[in-house]
1. I need the shape label for segment 1-64. Rule: rounded when a/c is under 1.5, else prolate if a/b > b/c, else oblate, with a, b, c from the alpha carbon gyration tensor.
2. Step by step: find N for segment 7-250, compute 2.2 N^0.38 Å, then divide the Cα radius of gyration by it. What's the final number?
3. Given an 8 Å cut-off on Cα distances and at least 6 residues of separation, report the relative contact order of segment 7-250 as a percent.
4. Run the simple label-point estimate for residue 69 and residue 375 please: 7 Å along Cα→C-beta, distance reported in nm.
5. Fewest first, what order do 160, 42, 350 take by the number of other Cβ atoms within 10 Å?
6. Any idea what the relative contact order of segment 300-375 is, in percent, if you count C-alpha pairs under 8 Å spaced at least 6 apart?
7. Å³ per residue of the Cα convex hull, for segment 306-370?
8. In percent, how large is the relative contact order of segment 1-96, given Cα pairs closer than 8 Å and 6 or more residues apart?
Ligand SMILES: C[S@@+](CC[C@H](N)C(=O)[O-])C[C@H]1O[C@@H](n2cnc3c(N)ncnc32)[C@H](O)[C@@H]1O
Ligand code: SF4
């Protein structure tokens, strides 16, 4: 196993439909550009010197990787050291999942599936502009369980206009009853230029206010506990042992390579990212150039702060000695001005895990976690 190696992220920028709320780098799927894109991924992978490299975890995200055809999936996955990684996740959308693809993925050693469900509510699915209906979502998850996948995530979106606490609870219970071991529950981010923002404006729909958002937060926690899923990161819940290793390593400041359109990398203390323009990406790779659009090396002090902010997202918090070892800074010193105030306000707390001193967000801080973390920037 490749335990101490970096992670690998591969981006597939194609979807069967563009959802009304989404701002991720993706466009509509069609076979020819997807073929060319997969060859470009290969070329970028080789150019980055990754052939023969080992990765602790691999995450194939998008966009919608499951929109690829069977030969395209086969070609894509043939370049990756899947079996050696401790976890390989692929994002699937219900409308492009079928048994043949599931069997292929299982046989190639994919260990974790992440389904973009968002909600099982027919009204919610229509409002969000999803390409699947609730039955298709239920069916694709049961098919994955039948195909032998144990580690299945569903993504849910919380706080869309018209969502009730009951429908949110039902979304979580439905997922859990279907056998998923992990649920990501994201608060809806409304991008002002999105189709959803226009629909909401046209119909006088509003985002939940602070009190309502707080009720959604509490209802999420209650339903997850009932389903046996522990809260381990701001937006993530899992059965014991089923947390996403790839993301956990990133939240702890781990290194990773990103291959593909708009993919970000964090290697050797440097962050860099690829262009978001598909034509430009394909063109650069065809010319044997790299497709990097920008990069930065953070000074040590900034880097330590960035590490703290990411790491505090995890419910287990930051182990103080380990943080000092990784960053060269004691967390108590780094935040000597902010800590007393955040501890006194009950937003951060010290505790001991296996005898080791750790700093974490309190339960009261979670619904306002983003504003607490901004204070530490
Ligand atoms: C990059 S998307 C890719 C997954 C897949 N294509 C899908 O649509 O489900 C990953 C997840 O981000 C979440 N997401 C995307 N846009 C969002 C938004 N505006 N607000 C909240 N969550 C969002 C959705 O839950 C989605 O499943
Ligand atoms: S949410 Fe997923 S399927 Fe929808 S447009 Fe974004 S990446 Fe594509």
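1. Values: a/c = 3.43, a/b = 1.65, b/c = 2.07.
Taking the square roots of the gyration eigenvalues as a ≥ b ≥ c, segment 1-64 is oblate.
2. 1.01
3. Values: 410 pairs, mean separation 44.9, N = 244.
Result for segment 7-250 is 18 percent.
4. Taking the simple label geometry, residue 69 and residue 375 are separated by 5.5 nm.
5. Least crowded to most crowded, the residues run 350, 42, 160.
6. RCO, segment 300-375: 31 percent.
7. About 83 Å³ per residue, rounded to a whole number.
8. With pairs under 8 Å counted, the relative contact order is 40 percent.
Computed from the coordinates by the stated procedures, all read-outs in this text should not be read as laboratory data. Small disclaimer: the values here were computed from a predicted structure and weren't measured. Every residue, glycine as well, gets a Cβ built from its backbone with ideal geometry; the counts of neighbours run over all protein chains shown.
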